[in-house]
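**Q** First the structure, which I've put down as structure tokens, then a few questions once you've had a look.
The values are calculated or read from the model by the stated rules, or taken from the named source; none is laboratory data. Note that this is a predicted model, so its numbers are computed, not measured. For neighbour counting, all protein chains shown are included, and Cβ atoms are generated from backbone atoms with ideal geometry for every residue, glycine included. Heavy atoms of the whole protein, side chains included, go into the accessibility calculation; ligands, DNA and RNA do not. Shrake-Rupley method; radii C 1.70, N 1.55, O 1.52, S 1.80 Å.
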Amino acid sequence: MKNIDSHSHVRGESVYLDDIPVIRGTLYACVFDSPIAHGKLKSVDTSEVEKCEGVIRVILAGDLIGENQIGGIVPDEPLLADGGVHFVGQPIAIVLAETEEQARKAAKKITADIEPLPVVTDPRVAAANGDLIVPPKKFVLGDTAAAFADCAHVFEGRAEQNGQEHLYIETQGAYAVPMESGGIRVYSSTQGPTAVQRAVCRVTGLPMHKVEVDVQRLGGGFGGKEDQANAWAGICAVATQITGKPVKYALHRMEDMRMTGKRHPYSSDYKIGLDADLKIVAYEASFYQNAGASCDLSPPVLERTLFHCTNSYYIPNVTATAYCCRTNLPPNTAFRGFGGPQGMFVIESAIAHAAEKLGVTAAEIQRANLLEDGDEFPYGQLAESEAAASWSQADASFDFSALRLEADEFNATSKYLKKGIALMPICFGISFTKTPMNQARSLVHVYTDGSVAVSTGAVEMGQGVNTKMAQVAAAVFGLDVTMVKVHTTNTLRIANTSPTAASAAADLNGKATQIACETIRERLLDVAASMLGKETSEGVALSDVDWKDLVMEAHLRRVNLSEHSHYATPGIGFDWSTAKGHPFAYHVYGTAIVGVTVDCLRGRYEIDYVKCCHDFGTSMNTAVGLGQIEGGIVQGLGWMTMEEVVYDENGKLRSNALSTYKVPDIYSVPKEIDVLPLHTNRNNLAIFNSKAVGEPPLMYGIGAYFAIRNAIKAFRDCEPEFDCPFTPERVLMNLYSEPNAEKN
Ligand code: MTE
Ligand code: HPA
Ligand code: MOS
């Protein structure tokens, strides 16, 4: 079944924030942001602004009626800078004008007197200075110190990873509208309507019942709007509160790139120990996370790095430590995979390192260590593993040795084009790692004409969650999906929502919807039975009577045709005092093989194929699932290859536009993406056994890094550093950094 939005998307009729009709009298906001990464904010001069045409007023930190704070986990993030600035792009003042252009023009007229302070952009420097946002986190399984002593082989190294710009097509933005008795309605491009509601309440001082947040859909979020939509909603709400007018702010692309955080860069150390049979016996890793200037979601991102630091492998002795380092960059935030990909890149680097030194392929080490049922993760949960199944089915379908032979034969005769391949198994835990977040609610109304309205806490951002919600309701009632309408995500209809994140939105909100629909269905079955003159226990089906007649009859009998249901994932939990537990409802597995061709004269490369066997469980919508897999793979490839976030030593973003930040386009997607569904039928907590698919496929992209590295190694004998992204420039430097080192 197609995504229910596809028709309106291709016709340009889908409604995003900027398509909401504005009310007369609406003011437009624009932020004046810090030009300096760290400093003492001595004064702000707004005298020139007030003379500008159309300007209504300027708002500074001191004007806020509520608290000047939006930090959710640690209160270290003012809405507007007060006393100090901590990154280039930090909002200092809000300019309100009659038009967007006037607001933007006027904001440029503000100046600030800032006394510069030392700028830190490197997480290791921050850690050495003791500037950690939260205490280090640690996972321990077995005893690495003892185990290393017995290992036949031990290798140590370092891995560097850069960030990634979310580049949602729709930039951040919000529209606040004043309501009766001091209330505010906020339209926001957010993954977390409740997070926005809380932030708005904090900065305005309003109680939550006076603030309504409404989300139609997002033009992409990718984690960037889990927490970082809050600021713009807060800015609009504060301005509405102060002026009594509706206020809108939709960021320009360059404002968005400059002012918002990205995927966290990491710098990591690893130590891996293997026995003579290539079994990984011990693994140690230290992760230095570049959190940026304030906490944002950095601690849970850091935790997920630890949760995924052994990827799909069973390693009996593990010590992994992670540091949340404060730097003078925009606060980094959630991004598809939520720290998991960073953990996986490091273990894959360690395996590639060991393989290189031992003269075997990385695949031999990977295969020898795949998780089996009952194996313990470093955090205590036991695996229900599909790792070997996905590996062997991928091998059976795609024939790894034939692909390897093809590359070797090509390389034997080709001097300047070299092929490289790499295997990339994945294992990703599904559930918010913070257990209380794993709950959701759904409100279902059956109207007297038989049509069905569903509201949940899930936000549609292109991933197809609304399609799945409609499918759930349609399936329970035995209706065509056109009879179901999924409405906006709204805090008045659904309260206290978790953000749409962790790939868990379909499961959590789908289960809540299923419960609501089943409850109504039970009531309708009683009515149907009585209409047929039977007992319900005699096995009546909804389809035994006409749906519309049934609904109308139920209404006439005063039977409740609405339900508001709650779902909380059973059986999960995690204890941070021991760093052990069962945090995930289940894991998603898969294995990809990635093939590339590197042009060894120019450093350019093409991704020839990504072939994967992916664990869908039993997909409830393969079209949506395939879309998520293809999109995730391309986004992962972008992170590993061409996307390079560059800040200079002064903390200024150099890759600040699409002319300087390259993302995959249609020409850089793999020539071939093959997806082989791994149908698994184990009982799991996925909605209709359809496993979450939003984030895991991104991690197949990591294979491209190692495939390119292997192609370089086919050109010359070298050991490229583990430092992503592998931009063509960096490939070229690896190909020629020492003269005359060619093999051929
Ligand atoms: N797909 C599209 N088209 N747009 C997005 O913003 N976000 C990803 C993923 N797929 C995203 C996407 C991220 S980061 C997550 S956590 C999941 O979708 C969230 O949605 P789900 O829980 O419904 O899978
Ligand atoms: N994933 C995504 N977002 C989150 C998580 C998580 O595990 N925890 C808190 N926010
Ligand atoms: Mo996704 S990073 O959990 O929004």
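**Q** Quick check on my filter: what residues within region 336-392 are within 19 Å of Lys580 (Cα to Cα) and within 16 Å of ligand 2 (Cβ to nearest atom)?
**A** Gly339, Gly340, Gly343, Phe377, Tyr379, Gln381 - these are the residues of region 336-392 that are within 19 Å of Lys580 (Cα to Cα) and within 16 Å of ligand 2 (Cβ to nearest atom).
**Q** Got a sec? Which of Arg367, Arg404 is of a type in the set (Lys, Arg), within 29 Å of the chain's Cα centre (by Cα) and open to solvent by 40 Å² or more (accessible area, probe 1.4 Å)?
**A** After applying the criteria, what remains is Arg367.
**Q** Taking into account only those residues within region 591-642 that are touching a Pro at 6+ places or on another chain (Cβ under 6 Å) and part of a loop (DSSP other than H, G, I, E, B), which is surrounded by the most Cβ atoms within 10 Å (Cβ to Cβ)?
**A** So, considering only residues that are touching a Pro at 6+ places or on another chain (Cβ under 6 Å) and part of a loop (DSSP other than H, G, I, E, B), the one surrounded by the most Cβ atoms within 10 Å (Cβ to Cβ) is Thr641.
**Q** Out of all the residues in region 683-706, is one or more of a type in the set (S, T, N, Q), open to solvent by 20 Å² or more (accessible area, probe 1.4 Å) and outside any helix (DSSP H, G or I)?
**A** yes
**Q** Out of everything in region 539-587 that is in contact with a strand residue (DSSP E or B) (Cβ under 7 Å, 6 or more places away or on another chain) and among the hydroxyl-bearing types (Ser, Thr, Tyr), what residue ends up being nearest to Phe616 (Cα to Cα)?
**A** Tyr586
**Q** Out of the residues in region 651-661 that are open to solvent by 60 Å² or more (accessible area, probe 1.4 Å) and in contact (Cβ under 8 Å) with a residue 40 or more places away in the chain, which is farthest from the chain's Cα centre (by Cα)?
**A** Checked region 651-661; the qualifying residue farthest from the chain's Cα centre (by Cα) is Lys652.
**Q** Next up: Given the residues Thr305, Thr319, Thr333, which is the only one that is assigned to a loop (DSSP other than H, G, I, E, B), of a type in the set (Ser, Thr, Tyr) and either crowded, with 24+ Cβ neighbours inside 10 Å or at pLDDT 95 or above (or both)?
**A** Criteria check complete, one pass: Thr333.
**Q** Sticking with this one: Only one of (1) over 30 Å from Tyr661 (Cα atoms); (2) in contact with a helix residue (DSSP H, G or I) (Cβ under 8 Å, 6 or more places away or on another chain); (3) open to solvent by 10 Å² or more (accessible area, probe 1.4 Å) fails for Ala282. Which number is that?
**A** Going through (1) over 30 Å from Tyr661 (Cα atoms); (2) in contact with a helix residue (DSSP H, G or I) (Cβ under 8 Å, 6 or more places away or on another chain); (3) open to solvent by 10 Å² or more (accessible area, probe 1.4 Å) one by one, Ala282 breaks only (3).
**Q** With the condition kept exactly as written, say whether any residue in region 561-578 is under 34 Å from the mean Cα position of the chain (by Cα), over 28 Å from Gly457 (Cα atoms) and β-branched (Val, Ile, Thr).
**A** yes
**Q** Could you say whether any residue in region 440-450 is within 16 Å of ligand 3 (Cβ to nearest atom), modelled with pLDDT of 95 or more, among the hydrophobic types (A, V, I, L, M, F, W, C) and outside any strand (DSSP E or B)?
**A** no
**Q** Output the residue which, of all residues in region 286-302 that are buried (at least 24 other Cβ atoms within 10 Å of the Cβ) and within 12 Å of Lys137 (Cβ to Cβ), is farthest from ligand 1 (Cβ to nearest atom).
**A** Checked region 286-302; the qualifying residue farthest from ligand 1 (Cβ to nearest atom) is Phe287.
**Q** Still on this structure, I have one more. So, Cys324, is that one outside any strand (DSSP E or B), over 16 Å from the mean Cα position of the chain (by Cα) and within 16 Å of ligand 2 (Cβ to nearest atom) or not?
**A** For Cys324, the condition - outside any strand (DSSP E or B), over 16 Å from the mean Cα position of the chain (by Cα) and within 16 Å of ligand 2 (Cβ to nearest atom) - is not met.
**Q** Still on this model: Among the candidates Thr482, Thr448, single out the residue that is without any contact (Cβ under 8 Å) to a residue 12 or more places away in the chain, open to solvent by 40 Å² or more (accessible area, probe 1.4 Å) and more than 16 Å from ligand 2 (Cβ to nearest atom).
**A** On inspection, the qualifying residue turns out to be Thr482.
**Q** Could you check region 148-190 and list, in sequence order, the residues that are outside any strand (DSSP E or B) and open to solvent by less than 10 Å² (accessible area, probe 1.4 Å)?
**A** The answer is Gly163, Gln164, Glu165, His166, Tyr168, Gln172, Gly183, Ser189, Thr190.
**Q** Please state which one of Leu532, Leu525 is more than 16 Å from ligand 2 (Cβ to nearest atom) and in contact with a Ser or Thr (Cβ under 8 Å, 6 or more places away or on another chain).
**A** Leu525
Residues are listed down the side, and each one gets a yes or a no for (1) in contact with a Pro (Cβ under 8 Å, 6 or more places away or on another chain); (2) within 30 Å of Thr680 (Cα to Cα); (3) in a loop (DSSP other than H, G, I, E, B):
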{"site": "Ile520", "(1), (2), (3)": "no, no, no"}
{"site": "Val527", "(1), (2), (3)": "no, no, no"}
{"site": "Val540", "(1), (2), (3)": "no, no, yes"}
{"site": "Pro570", "(1), (2), (3)": "no, yes, yes"}
{"site": "Ser577", "(1), (2), (3)": "no, no, yes"}
{"site": "Val588", "(1), (2), (3)": "yes, yes, no"}
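**Q** I would also like to ask the following. Across region 193-226, what is the total count of residues that are open to solvent by 30 Å² or more (accessible area, probe 1.4 Å) and within 14 Å of ligand 3 (Cβ to nearest atom)?
**A** 1
**Q** Search region 492-508 for residues being outside any loop (DSSP other than H, G, I, E, B) and farther than 11 Å from Ser431 by Cβ, and hand back the single one that is nearest to ligand 2 (Cβ to nearest atom).
**A** Ala505
**Q** Looking only at region 667-700, which residues are out of contact with any strand residue (DSSP E or B) (no Cβ under 8 Å at 6 or more places or on another chain) and of a type in the set (Gly, Ala, Ser)?
**A** Correct list: Gly694 only.
**Q** Can I ask one more? Just need a number here: residues in region 459-479 that are on the phi < 0 side of the Ramachandran plot, open to solvent by 20 Å² or more (accessible area, probe 1.4 Å) and part of a loop (DSSP other than H, G, I, E, B).
**A** Qualifying residue count, region 459-479: 3.
**Q** Filter region 96-129 for residues that are assigned to a helix (DSSP H, G or I) and either within 12 Å of Val55 (Cα to Cα) or β-branched (Val, Ile, Thr) (or both) and give the result.
**A** Glu100, Glu101, Gln102, Ala103, Arg104, Lys105, Ala106, Ala107, Val125
**Q** Suppose we filter Phe377, Phe338 for residues that are surrounded by 24 or more Cβ atoms within 10 Å (Cβ to Cβ), within 16 Å of ligand 3 (Cβ to nearest atom) and over 13 Å from Pro425 (Cβ atoms); which single one remains?
**A** Of the residues listed, the single one that is surrounded by 24 or more Cβ atoms within 10 Å (Cβ to Cβ), within 16 Å of ligand 3 (Cβ to nearest atom) and over 13 Å from Pro425 (Cβ atoms) is Phe338.
**Q** Where residues in region 1-44 are in a helix (DSSP H, G or I) and aliphatic (A, V, I, L, M), which of them is farthest from Ile169 (Cα to Cα)?
**A** Ranking the qualifying residues of region 1-44, first place goes to Val10.
**Q** Of (1) open to solvent by less than 10 Å² (accessible area, probe 1.4 Å); (2) free of Cβ contacts under 8 Å to residues at least 60 places away in the same chain; (3) more than 16 Å from ligand 3 (Cβ to nearest atom), Ala237 satisfies all except one. Which?
**A** Here Ala237 meets the rest and fails (2).
**Q** Would you mention how many residues in region 407-445 are of a type in the set (Phe, Trp, Tyr) and open to solvent by 70 Å² or more (accessible area, probe 1.4 Å)?
**A** Residues that pass the stated criteria total 1.
**Q** Moving to a separate point now. Looking only at region 570-614, count every residue that is touching a helix residue (DSSP H, G or I) at 6+ places or on another chain (Cβ under 7 Å), within 26 Å of Thr305 (Cβ to Cβ) and of a type in the set (Ser, Thr, Tyr) and tell me the total.
**A** Number of matching residues: 2.
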